[in-house]
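Readers should treat all values here as calculations from the given coordinates under stated rules, not as data from a laboratory. These numbers were taken from a predicted model, which means no experiment stands behind them. Cβ sites come from the backbone with ideal geometry, for glycine too, and all protein chains shown count toward neighbours.
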Amino acid sequence: MRLFVSIDLPDRLADAVADAQDRFADAEGLRFVDPKDAHLTLFFLGDTDPERVAEIESALERAVDAADTGPFELRVGGFGVFPALDYISVVWAGVREGAGIAETTRLNGLIERELADLGFEGDDHEFTPHITLARMNDARGKDLVQRVVREADPDLGSFQVDEIRLTESTLTNEGPVYETVRTVTW
């Protein structure tokens with residue numbers, strides 16, 4: 001099973017995600033994420049033996065306990081890209097400064113530490129809390145994407161975070177299908 005740890009956006013923000021994506025609608029070469037599947041990835045585990053789910057869940061519970069945070073507000077807004085405006089592979093909406101950045105960054109670090117103890121490798125780049133809006137397959141729409149990212153600063157809304165999810169991602173021809181495997185709440 002292909003797994004990742006996430007904070008999922010509530011269904012009520014799907015329209016805001018779709019509206020943000022609409023700003024890039026004329027950019028050729030983009031493949032958009034289904035707005036109802038919008039999430040903030042805290043850790044990508046990749047292909048994982050299903051027998052390990054229980055120990056992963058325990059590691060996530062330890063990370064949440066160590067974070068010692070109650071429910072917190074996360075506000076989504078603004079645009080960005082990975083890896084850079086000159087070469088775009090991912091278009092994203094970010095987490096507003098002071099509205100969940102510290103909490104999500106702390107959770108990411110604690111989750112990464114707990115899962116590293118189980119042999120999972122974290123990313124080799126600095127964590128940037130974000131919600132992926134689209135992936136760029138080719139550079140035909142690069143100029144439009146660059147312009148929108150530089151000029152627009154949308155506010156997609158906020159929500160209370162009181163859980164993280166261990167999610168299975170099954171890749172299909174129509175795009176990924178997500179299924180929650182475990183939920184850890186606080």
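For segment 140-186, the square roots a ≥ b ≥ c of the C-alpha gyration tensor eigenvalues yield an a/c of 1.5 or more together with a/b not exceeding b/c, which makes the shape oblate. Once you have a ≥ b ≥ c as the square roots of the Cα gyration tensor eigenvalues for segment 77-186, tell me rounded if a/c is under 1.5, and otherwise prolate or oblate according to whether a/b is larger than b/c. Note, shape of segment 77-186 comes out prolate. Just how many % of Cα pairs in the chain lie over 24 Å apart, if you round to the nearest whole percent? Within the chain, distances greater than 24 Å cover 39 percent of Cα pairs.
As a rough guide to protection, the peptides 161-169, 122-130, 54-62 ranked by mean Cβ packing within 10 Å, highest first, stand as 161-169, 54-62, 122-130. A straight line joining the Cα centroids of segment 23-100 and segment 156-186 runs 9 Å. With respect to the chain, whose longest principal axis is taken over its alpha-carbon atoms, helix 53-67 is tilted by about 80°. The relative contact order of segment 92-186, computed from alpha carbon pairs under 8 Å that lie at least 6 residues apart in sequence, is 22 percent. Could you give the nm distance between label points at VAL181 and VAL90, where each point is 7 Å from its Cα heading toward the beta carbon? Taking the two extended label points, one gets 1.9 nm. Relative protection proxy for 45-51, 80-86, from highest mean packing down: 80-86, 45-51 (other beta-carbon atoms within 10 angstrom).
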